[in-house]
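K.L.:
Before I ask anything, here is the structure I am working with.
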Amino acid sequence: MSRLKGDEEDYWHGSKCKAFTFEDEDEDGLSQLKESKRAVNSLKAFVEEDDEEWEKFTWSGEPVGSISWSIQETSNSRSSEPRSFAPDKSRPETLNANYSFPRPGSFSSLFRGRSRPDSLQSLSDAFLDTNIKYIAPELRKPKSEYQDYSGDWSVEESVRRMQRGKMCSMERFRSLKDKLQLLDEAVRLHDGNVITAVLIFLKRTLRSDILFRELKIRQVALRHFIHFLKESSEQQLLVELLRFLEWSEELALCKYRGHLDITGAEERRDFLKSKCLSLPFSPEDSAHVQDHYTLLERQIIIEANDKHLEASGQEPFRRHPRKASLLFMPLVTTLFYACIYHYTEGEGMFSSPTNLRKTFKIPEKLYVLTALAARAKLRSWSDVDALVTTKNWLGYTKKKAPVGFHRVVEILHKNGAPAQILQDYTRLVEDAETRIALATKYKCHDVVIETYKDLKDRQQLMVYRCKVDRGSPEEEKIDAILSNMVSRVQSSR
């Protein structure tokens, strides 16, 4: 038994191969590679050796195949008790008792199969044995993962760690001086995320009056803090800050934004009237707030009246049902709504488009553009014509579009105007190139032909002749113009 243990020690701890080290003094690096290759190739000889030349021993030291071994195996086979696969606690070994170690210098037993179901003949079988449990050792984590992030970092180190996205606790900075140094260092590095993080820490750990006093002399940090309060909807703290800074106009706008939190139309109107109209706005902002209140008051009146008319099935609500409520809509949307449902009403009505135009001082171009879109949507071409027709003091009428006739043509085409109406308004476009481009795009052939005729461009007429249908009236018209041009040239000669 001691001989076996000695052979086992020599086998596992001895090797003919020399390990590679970076400190090797051998100048020829290929020599070690060749030696390792020869050692690997020599394994084939071990594997191919005859199994019978090695002597096998049991755990008790008796040779396998001896008389005592045969008697023991026979008695075990006749036993009626089931074989237990649990390891014997009296033995220090954990493998099967009939396992035989290979002799030193041979790997043949590592590649053999099992001779019997209850005997392990190779180490690979031992590792595949499901009755034996193995526990993998837990790998040690990097030391940096166990580092205390609330360590004794300086102000500069803490800010730079935050700038690199690493965790860093600011709780250790308890004095006002350290906290302000944190803020100053963050501002010096011009990193908005770090500035915001430090400001949140100061907001949580300092009284409001101290924080406001220190921010007043740090304008960059102050702007960041105001923006943070607006984004996080902390209205109360923002109002206190603006009042401390004595920014009256900003304070008024901050209070005015409070109407966004009110969902009811009448409650919002009352809020604007009682809380906002008297605030110290600038003259321009004061006019906007007054218009906002007036518009919301008009919308409440129009919405209540139109809701009743729609329920009773009156025109034009029956042909053109409303898709949404008018409440809280912008001024241009309200004007478009009025041009759809209240276009013919007199100026004295709150819902009249002319009344809205006069009350809110809507520019002429914006009014005409909105009215054109609304009336063209309803395919009311007579109203479209009236919008672009003016009359002088002598009573003569003239077509004039403040937005340009090219915009009128685009609106009419978008709303499916007939070809003749589209062609009539395309002729009114002043610029020849723009007129040709629009006429070509919307297939107003007569306008293109007439424009080339006025320009006396024979070559372009011949090119355009190839684009129209053969035998069409447009082709005949082009041929007549071209023949006319030829005859005039010949007569002039």
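K.L.:
With a 1.4 Å probe and all protein chains kept in place, how much accessible area does Lys358 have, in Å² rounded to the nearest 10?
P.N.:
About 140 Å², rounded to the nearest 10.
K.L.:
Separation of segment 280-306 and segment 178-198 by C-alpha centroid, Å?
P.N.:
43
K.L.:
How high is the FRET efficiency between Thr333 and Asp385 when r is their beta carbon distance and R₀ equals 25 Å, given to the nearest 0.05?
P.N.:
Details: r = 25 Å, r/R0 = 1.00.
With a Förster radius of 25 Å, E is 0.50.
K.L.:
Around Gly348, what is the net charge, scoring Lys/Arg as +1 and Asp/Glu as -1 over all other residues with Cβ under 15 Å from its Cβ?
P.N.:
Details: positive: Arg298, Arg357, Lys358; negative: Glu345, Glu347.
Charge balance near Gly348 sits at +1.
K.L.:
Taking R0 as 56 Å, what's the FRET efficiency between Thr263 and Arg38 from their Cβ-Cβ distance, rounded to 0.05? It would help to have the intermediate numbers written out before the result.
P.N.:
Working: r = 88 Å, r/R0 = 1.57.
The computed FRET efficiency comes out at 0.05.
K.L.:
Translational D (Stokes-Einstein, µm²/s) of segment 332-387 at 20 °C and 1.002 mPa s when Rh comes from the Kirkwood sum over C-alpha pairs? Show your work: numbers first, answer last.
P.N.:
Working: Rh = 11.0 Å.
Reported coefficient: 195 µm²/s.
K.L.:
Quote the accessible area belonging to Lys255 in square angstrom, nearest 10, computed with a 1.4 Å probe and with ligands, DNA and RNA left uncounted.
P.N.:
Surface open to solvent at Lys255 totals about 80 Å².
K.L.:
Counting only heavy atoms of protein chains, what accessible area per residue, in Å², does segment 214-318 have with a probe of 1.4 Å?
P.N.:
59
K.L.:
Quick one: accessible surface of Phe244, probe radius 1.4 Å, all protein chains present, in square angstrom to the nearest 10.
P.N.:
Approximately 80 Å² of Phe244 is accessible to the 1.4 Å probe.
K.L.:
Compute the projected area of the convex hull of the Cα atoms of segment 200-280, averaged over all viewing directions, and report it in nm² to one decimal place. Don't skip to the answer; put the middle values down first.
P.N.:
Values: hull surface 22.7 nm².
Mean shadow area of the hull around the Cα atoms is 5.7 nm².
K.L.:
In the neighborhood of Cys254, defined by Cβ-to-Cβ distances under 14 Å, what is the net charge if each Lys or Arg adds +1 and each Asp or Glu adds -1? Write out the running numbers ahead of the final one.
P.N.:
Working: positive: Lys230, Arg243, Lys255, Arg257, Lys275; negative: Glu231, Glu234, Glu240, Glu246, Glu249, Glu250, Asp261, Asp285.
Neighbourhood net charge equals -3.
K.L.:
On full extension of the chain, what length is gained from Ala311 through Asp291, given 0.36 nm per residue of separation minus the C-alpha to C-alpha distance?
P.N.:
Working: separation 20, 0.36 × 20 = 7.20 nm, distance 2.99 nm.
So the chain would gain 4.2 nm between Ala311 and Asp291.
K.L.:
Let me ask something additional. Can you sort Val408, Val403, Val220 by solvent-accessible area, 1.4 Å probe, largest first?
P.N.:
Details: Val408 0, Val403 25, Val220 60 Å².
Ranked from most to least accessible, the order is Val220, Val403, Val408.
K.L.:
Given R₀ = 35 Å, FRET efficiency for Lys323-Ile200 by Cβ-Cβ distance, to 0.05? Display every interim value, and only then the final one.
P.N.:
On the way: r = 44 Å, r/R0 = 1.26.
For Lys323 and Ile200, the calculated efficiency is 0.20.
K.L.:
Greater than 26 Å separation of Cα atoms is the criterion. Which listed pairs, Lys230/Lys273; Lys391/Lys453; Lys255/Lys307; Lys203/Lys230; Lys273/Lys365; Lys177/Lys216, meet it?
P.N.:
Numbers: Lys230/Lys273 24 Å; Lys391/Lys453 31 Å; Lys255/Lys307 32 Å; Lys203/Lys230 15 Å; Lys273/Lys365 31 Å; Lys177/Lys216 16 Å.
In this structure, Lys391/Lys453; Lys255/Lys307; Lys273/Lys365 lie more than 26 Å apart at Cα.
K.L.:
Also: Per residue, how many Å² of accessible area does segment 371-414 show with a 1.4 Å probe? Don't skip to the answer; put the middle values down first.
P.N.:
Working: 2640 Å² over 44 residues.
That works out to 60 Å² per residue.
K.L.:
Can you pull the three principal axis extents for the Cα set of segment 391-483, in Å, largest first?
P.N.:
45, 31, 20
K.L.:
Now, a different point. To one decimal place, what orientation-averaged projected area in nm² is obtained for the convex hull of the Cα set of segment 199-241?
P.N.:
Numbers: hull surface 10.5 nm².
Convex hull of Cα atoms, orientation-averaged projection: 2.6 nm².
K.L.:
Using DSSP to define loop residues, name the GluC sites (Glu not before Pro) in segment 217-325 whose beta-carbon has at most 10 other beta-carbon atoms within 10 Å. Intermediate results must be reported in sequence, preceding the final value.
P.N.:
Values: sites: Glu231, Glu234, Glu240, Glu246, Glu249, Glu250, Glu266, Glu267, Glu284, Glu297, Glu303, Glu310; in loops: Glu234, Glu246.
Hits after loop and neighbour filter: Glu246.
The values are calculated or read from the model by the stated rules, or taken from the named source; none is laboratory data. Source: prediction; values computed, not measured. We place every Cβ from the backbone using ideal geometry, glycine too, and count neighbours over all the protein chains shown. Accessible surface areas use protein heavy atoms only, side chains included; no ligands, DNA or RNA. Shrake-Rupley method; radii C 1.70, N 1.55, O 1.52, S 1.80 Å.
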